[in-house]
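Colleague: Let me give you the structure first, and then I'll get to my questions.
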Amino acid sequence: MTTRKKIPIRVVQPELEEAPPSPVLPVEEAPPLVAEAPPPTPPTTAAPSARSAGSQPTLSSEEELALREELEQWKDRALRLEAEMDNFRKRLQRLADERIAADRERLLRAFLEVADDLARALSVDGADAESIRQGVELTHRSLMNLMSREGVTPIEANGQPFDPAWHEAVGTVPAQQVGQEPDTVVHVVRPGYRIGDRLLRPARVIVATANSSS
């Protein structure tokens with residue numbers, strides 16, 4: 001029996017030839033791309049639709065007649081209201097004028113009583129000074145009663161602190177001379193009157209003042 005020997009086998013691969021490098025060709029710069037604008041399209045006019053052509057609804061003759069009648073009714077109401085307001089203003093003005101006239105007549109009627117008292121005092125023949133004084137006092141009392149009925153009251157001033165809201169100072173005197181406190185009314189030149197809280201006429205007074213330092 002023969003023995004087999006293993007003989008190594010060497011495989012030689014053929015060398016590959018390198019391909020020569022391809023020549024580099026110069027690249028020309030491409031011109032910039034310019035986007036061309038599309039040609040303008042002519043404006044298209046939309047055909048008017050039937051709804052836009054007649055946007056306002058058409059009224060029938062009956063509806064138009066009803067609207068006209070309603071408009072006339074509103075006009076008539078406006079004229080009536082304007083006439084009523086004018087008559088109301090005239091009525092108020094007439095009532096105000098009548099009220100003023102009535103108050104004037106009532107006041108003048110009351111002053112007639114004072115005039116009658118003066119006439120009686122002057123009609124006395126051979127009257128002495130005392131009779132004349134009594135007649136004047138009676139007339140003055142009648143006048144004060146009339147003013148009281150009208151809500152007129154005299155302003156208290158003599159011996160009161162001076163109040164510019166009710167008093168009008170027409171003179172001053174030293175406080176030590178009259179024995180009064182400063183800013184005190186010492187004499188009433190002309191009495192003042194008021195109607196409630198409203199001033200009718202201020203009282204003209206003389207006021208005591210502190211002695212000025214020399």
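Colleague: Which sequence of Thr58, Thr172, Thr139 reflects their accessible areas, 1.4 Å probe, from the largest down?
Modeller: Thr58, Thr172, Thr139
Colleague: Follow-up question, since we're still on this one. Can you give me the solvent accessible area of Val170 with a 1.4 Å probe, rounded to the nearest 10 Å²?
Modeller: About 80 Å², rounded to the nearest 10.
The values are calculated or read from the model by the stated rules, or taken from the named source; none is laboratory data. Since we're looking at a predicted model, the values are computed, not measured. Quick note on the areas: whole protein, heavy atoms, side chains included, nothing else; ligands and nucleic acids left out. Shrake-Rupley method; radii C 1.70, N 1.55, O 1.52, S 1.80 Å.
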